[in-house]
Each structure stands twice: as C-alpha cells, then as structure tokens.
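Since the structure comes first, as structure tokens, the remarks are kept for the end.
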C-alpha cells in the first residue's frame with residue numbers, strides 16, 4: 001500500500017464528490033450522453049467513485065481493475081450489440097478509465113482510449129469537472145459513431161444518468 005494514495009482516499013468523501021459533481025453537473029452530463037447517443041448505436045455509462053475502501057487500498061486495487069469491476073456490476077457488457085462503454089472516474093486518484101465491451105474494443109485502439117482519459121484527467125486536475133466530463137462523453141461518442149453509426153433503430157439500453165458511488 002502506498003501511503004500517499006492511502007491519505008488521498010481517506011481524505012476524500014462523498015461530500016467532496018458531490019461538490020465536484022453537483023446535481024447541475026450530473027444533469028448536464030446526462031443531457032450530453034442522451035444527445036450523443038442519438039449519433040450512434042453505442043451505449044455510454046458514466047460512473048464517479050469518490051474513494052476506494054481500506055481493503056481495496058491494502059490490496060493495491062488499481063483504478064483499471066476497479067473500473068472493470070464496475071463495468072461488470074453495472075451490466076455495461078449486457079447490450080445487444082456488445083457496444084457498451086464505461087467512463088469511470090476514481091476521484092481520489094483523479095484517474096479516468098474507459099472500459100469498452102468486446103464489440104467496441106476490437107475497433108478502438110488502447111491509445112485512442114488513453115488519449116480521451118488523459119484529456120479528461122487534465123480537466124479534472126484543473127477542477128473543471130463538468131467541462132471535462134462533457135468533453136470525455138463527446139470524445140467517446142465520436143469513437144463510437146465511427147464504428148456504430150446510427151441507423152434509425154435506437155434503443156436506450158443503459159441509463160444516461162451519471163452515477164456517484
């Protein structure tokens with residue numbers, strides 16, 4: 001366990017998470033996801049987690065490993081075209097991870113996902129949470145539209161509302 005990381009997580013709280021992502025920001029992200037999903041057949045799920053628990057920190061759970069757990073727990077993998085994509089922010093670490101289902105992952109390179117993550121992290125370091133989240137949703141949507149263009153037959157399979165956990 002890394003002591004610096006431990007303290008970042010201990011000092012983080014759901015109240016601080018709510019300050020970074022107030023209701024108005026969640027509303028804006030939800031509207032953006034809904035608008036962007038009209039441009040393609042992909043599904044976007046946005047999750048913010050304030051901090052990891054002591055056991056997770058002790059076991060050195062990475063933001064990537066945690067994002068994969070959340071991807072499974074939220075059922076992002078369970079879309080008809082296997083085109084669900086999770087944008088996950090571990091707020092205490094200010095780390096963004098994108099986990100895409102197998103239908104998407106075969107088309108988008110890890111470097112493309114990493115570029116979106118680093119762009120969002122830059123916004124978040126500068127405390128521009130709403131701007132960074134919306135820019136990230138748009139960037140993910142652009143990648144999804146390239147491989148899953150809209151065809152008029154649109155069913156919303158995942159909630160558009162961002163989730164704070």
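For residue 85, are the conditions met, namely being crowded, with 18+ Cβ neighbours inside 10 Å, part of a loop (DSSP other than H, G, I, E, B) and touching a strand residue (DSSP E or B) at 6+ places or on another chain (Cβ under 6 Å)? No; evaluated as a whole, the condition is false for this residue. Residue 151 falls short on exactly one of the conditions (1) modelled with pLDDT of 95 or more; (2) in a loop (DSSP other than H, G, I, E, B), and that condition is (1).
Conditions (1) assigned to a helix (DSSP H, G or I); (2) in contact with a helix residue (DSSP H, G or I) (Cβ under 8 Å, 6 or more places away or on another chain); (3) surrounded by 18 or more Cβ atoms within 10 Å (Cβ to Cβ), marked per residue:
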| site | (1), (2), (3) |
| --- | --- |
| 4 | yes, no, no |
| 16 | yes, no, no |
| 27 | yes, no, no |
| 30 | yes, no, no |
| 36 | yes, yes, yes |
| 71 | yes, no, yes |
| 103 | yes, no, yes |
| 112 | yes, yes, no |
| 119 | yes, yes, no |
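Tallying residues that are loosely packed, with under 14 Cβ neighbours inside 10 Å and touching a helix residue (DSSP H, G or I) at 6+ places or on another chain (Cβ under 8 Å) within the range 137-158 yields 2. Of everything listed in (1) surrounded by 19 or more Cβ atoms within 10 Å (Cβ to Cβ); (2) touching a helix residue (DSSP H, G or I) at 6+ places or on another chain (Cβ under 7 Å); (3) closer than 15 Å to residue 34 by Cα, the single unmet condition for residue 161 is (1).
Checked against (1) without any contact (Cβ under 8 Å) to a residue 40 or more places away in the chain; (2) crowded, with 20+ Cβ neighbours inside 10 Å; (3) closer than 14 Å to residue 48 by Cα, residue 134 meets all criteria but (1).
For the range 53-74, which residues satisfy the criterion of being within 20 Å of residue 133 (Cβ to Cβ) and without any contact (Cβ under 8 Å) to a residue 60 or more places away in the chain? 63, 64, 66, 67, 71 - these are the residues of the range 53-74 that are within 20 Å of residue 133 (Cβ to Cβ) and without any contact (Cβ under 8 Å) to a residue 60 or more places away in the chain.
Conditions (1) closer than 17 Å to residue 42 by Cβ; (2) over 14 Å from the mean Cα position of the chain (by Cα); (3) part of a strand (DSSP E or B), marked per residue:
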position	(1), (2), (3)
61	no, yes, no
68	no, no, no
89	no, no, yes
127	no, yes, no
134	yes, no, no
137	yes, no, no
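Against the test of being touching a helix residue (DSSP H, G or I) at 6+ places or on another chain (Cβ under 9 Å), in a strand (DSSP E or B) and surrounded by 14 or more Cβ atoms within 10 Å (Cβ to Cβ), the options 51, 97 yield a single qualifying residue, 97.
The values are calculated or read from the model by the stated rules, or taken from the named source; none is laboratory data. Quantities reported herein were computed from a predicted structural model and do not represent experimental measurements. Cβ coordinates were reconstructed from backbone atoms using ideal geometry, including for glycine residues, and neighbour counts include every protein chain displayed.
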